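See structure below.
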Amino acid sequence: MAPSCFEVILVGFILVLPFLYETSRTFRYYFKFLIYYGVVMMTAVVLMPILSLRPGNVKNFLVASWSCQHISTLLGLRWELRGREHLEKNRACIIVANHQSSLDILGMFDLWPVMDKCTAVAKKEIFYAWPVGLAAWLCGLIFIDRMNSEKARSALNTATKEIKDKKIKLWIFPEGTRRNTGEIHPFKKGAFHVAIRSQLPILPVVFSSYYFLSAKEKRFDSGHILVTTLPPISTEGLSTDDVEELMEKTRSTMSEVFHATSREIQQSLPVR
């Protein structure tokens, strides 16, 4: 039986795929993100029955991270952790990290076995991005309404008690919106209010620059990322009057490390 038109087109596409991937930077950019989002969605569907056995349990993130760590290998990304001793300690704390891309979640997946009990804060819109949103909810992700500060504050206050009681780490991106510009942008105060109200230490985590990624240039190459966990910053005895100073101190420290580790990576790259 003669092949159908669809089969001919499909075979032709498969044959030309390696050529496009190697020669077209734009094609490679979109293809890698397609692989990334596609594999994450498929993994979410496959894991749903397992995650449903203990809904809302942050230990589910360990299952998700184990299932998704291979995605970094597929995309050619290598995460190198420094300051592991600060991250693996069994304690409640507020982790603040710089936010450059949706790829940050792959870095988090790489760190979850070290962090063990950890959840994160995300905008509520992510919940409706099924199946990933539902899987995230089953893992105990905390969704907040960024347009309603009162509701957001209430959700975080409710979560804080459980975080302290069960020694869970809470991951927050204080920049809010992700931006890959080679800088750490001004922080929002939410994470620091939570840390001070709960008297929990702040644990800064710094991802070096995503030099391999550019939406403007449609470039998504292989890359090496240094992830640096800094010593905890105590909030003991601080009040809400100290939020601004604490926030700027944290951002300044993280910015110095960001630029230092980004330079280190750039200097280690082969000269083209």
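Based on DSSP, what percent of beta bridges with both residues in the chain are antiparallel, to the nearest 5? Walk me through the numbers on the way to the answer.
Details: 6 of 26 bridges.
Restricted to the chain, the bridges split so that about 25 percent are antiparallel.
Could you give the length gained on full extension between Asp165 and Thr240, defined as 0.36 nm per residue of separation minus the Cα-Cα distance, in nm? Before the final figure, lay out the partial values.
On the way: separation 75, 0.36 × 75 = 27.00 nm, distance 2.23 nm.
That works out to 24.8 nm of additional length.
If you rank Thr229, Thr158, Thr43 by fewest surrounding Cβ atoms within 10 Å, what's the result?
On the way: Thr229 23, Thr158 11, Thr43 18.
With the fewest neighbours first, Thr229, Thr158, Thr43 line up as Thr158, Thr43, Thr229.
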Going down the table (Lys169/Lys249; Lys89/Lys161; Lys123/Lys164; Lys124/Lys167; Lys189/Lys218), which pairs top 26 Å between alpha carbons?
Lys189/Lys218
Long-range amide H partners of Gly223, meaning residues 5 or more apart or on another chain whose placed amide H is closer than 5 Å, are Leu77, Arg78
So what are the radius of gyration and Dmax for the Cα set of the range 1-159, in Å?
19.3, 66
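I'd like the GluC sites (Glu not before Pro) in the range 39-103 restricted to DSSP loop residues with at most 15 other Cβ atoms within 10 Å, sorted by number.
Values: sites: Glu80, Glu85, Glu88; in loops: Glu88.
Qualifying residues, ordered by number: Glu88.
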Could you give each residue of the range 141-151 its phi-based ³J(HN,Hα) in whole Hz, using Karplus coefficients 6.51, -1.76, 1.60 with θ = phi - 60°, and x for Gly or Pro?
4, 9, 9, 10, 8, 5, 8, 10, 4, 5, 5
The aspartates and glutamates whose Cα lies under 14 Å from the Cα of Lys32, excluding any fewer than 8 residues away in the same chain, are Glu22, Asp221
Take every Cα pair under 8 Å in the range 51-210 that's 6+ residues apart, average their separations, divide by the length, and report that relative contact order as a whole percent.
35 percent
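Expressed as a rounded percentage, what relative contact order does the chain have, with Cα pairs under 8 Å and six or more residues apart? Could the numbers behind the result be given before it?
On the way: 415 pairs, mean separation 63.1, N = 272.
Dividing the mean separation by the residue count of the chain yields 23 percent.
Order these peptides, 213-225, 135-147, by their mean beta-carbon neighbour count within 10 angstrom, highest first. Intermediate values should be presented prior to the final figure.
On the way: 213-225: 15.2, 135-147: 19.8.
The packing order, highest mean first, is 135-147, 213-225.
Which value in Å is the Kirkwood Rh of the chain over different Cα pairs? Each step should come with its number before you reach the end.
Values: mean 1/r = 0.0499 Å⁻¹.
In the chain this quantity evaluates to 20.0 Å.
Throughout, read-outs are computed from the coordinates displayed, never taken from laboratory work. Since this is a predicted model, take the numbers as computed values, not measurements. Backbone-built Cβ (ideal geometry, glycine too); neighbour counts: all protein chains shown.
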